[in-house]
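The next block holds one structure in the form of C-alpha cells; read it before the comments.
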Amino acid sequence: MDSAKNKAVTAIYPGSFDPVTNGHLDLIARGARIFDTLVVAVARNLDKDPLFAVKERIEMLEAVTFDWKNVEVDMFEGLLVDYARARGARVILRGIRAVSDYEYELQMAMMNRKVEPQIETVFMLPGEAYSYLSSRLVKELARFGGPVKGLVPALVEERLKAKFS
Ligand code: PNS
C-alpha cells in the first residue's frame, strides 16, 4: 500500500497573481475544499514586468484569503518543484480556463513531472463566469479607466485605482 495515501495533502497554487482576481479566488475556494493545506505561492523573478511588487501582491492575497484557515500565502524563487518539495507538497494546483490554456499548462506540468515525478499537477476549472478573466486584461482595463468591479476583490480594485490615478 502507498504509505503516503492517508497523509494530509498540501497543494501549492503557484502564479504571478499580478494582481489576484476573482478567478484566482474561485480556484482557491475550490482547492481549499479539497486539500488539507493550500499554499498560494507568488513567483518571484519571472521575466515579466509586474505592476505590483511581490510584497504588494502577497499583502493583497493575505487580505482576501484571510477567512480560509487552511490557506497560506507565500512566495518562491527558482524552480517550482524545488519549492513544492521543500514545503512537503505532493500537488501543484493550476486552473485551466479554456482550451487555449491547455497547451502551456500541459508543457509545464510535463516538465515539472520530468524533474520531480513524485509531485502531481492537478487542474481545476474556475466557475464559467471567470473563464475569460485574466490579470493581464484586468490591468489593461484599469489602465484605461475601464470597470473592474466584480472582476477583482474590492481591495484590489482600490489598489488598481491608486496605481493608475
Ligand atoms: O500565473 P502564471 O504567470 O501563469 O504562473 C506561472 C508560474 C509562476 C507557475 C511558472 O512560471 C513557474 O512555475 N515558474 C517558476 C519556474 C519553474 O519552475 N518553471 C516551470 C519549469 S518548466
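Among the residues of segment 98-108, those that are more than 9 Å from the ligand (Cβ to nearest atom) and among the hydrophobic types (A, V, I, L, M, F, W, C) comprise A98, V99, L106.
Within segment 12-37, being over 10 Å from the mean Cα position of the chain (by Cα), under 13 Å from D74 (Cβ atoms) and buried (at least 23 other Cβ atoms within 10 Å of the Cβ) holds for no residue. List pairs: first residue in segment 61-78 and over 19 Å from T21 (Cα atoms), second residue at pLDDT 95 or above anywhere in the structure, Cβ distance under 6 angstrom, at least six positions apart or on different chains. Sorted first by the residue in segment 61-78, then by its partner, the pairs are N70/A32; N70/T37; F76/A41; F76/Y83.
Report whether or not F123 is within 12 Å of the ligand (Cβ to nearest atom), at negative phi and among the aromatic types (F, W, Y). In short, no. Against the condition more than 10 Å from the ligand (Cβ to nearest atom) and closer than 29 Å to L155 by Cα, how does I92 come out, does it pass? The answer is no for I92. Within segment 38-57, the only residue that satisfies the criterion of being under 15 Å from the mean Cα position of the chain (by Cα), charged (D, E, K, R) and at pLDDT below 95 is R44. Select from segment 92-118 the residues that are of a type in the set (A, V, I, L, M) and open to solvent by less than 30 Å² (accessible area, probe 1.4 Å) and write down the one among them that is farthest from T21 (Cα to Cα). It comes out as A109. Taken over segment 136-164, residues that are within 18 Å of A98 (Cβ to Cβ) and open to solvent by less than 20 Å² (accessible area, probe 1.4 Å) amount to 1.
The values are calculated or read from the model by the stated rules, or taken from the named source; none is laboratory data. It should be emphasised that the depicted structure is a prediction, and the values quoted were computed from it without experimental measurement. Positions of Cβ are backbone-derived with ideal geometry, glycine not excepted, and every protein chain shown enters the neighbour counts. Surface accessibility is based on the protein's heavy atoms, side chains included, excluding ligands, DNA and RNA. Shrake-Rupley method; radii C 1.70, N 1.55, O 1.52, S 1.80 Å.
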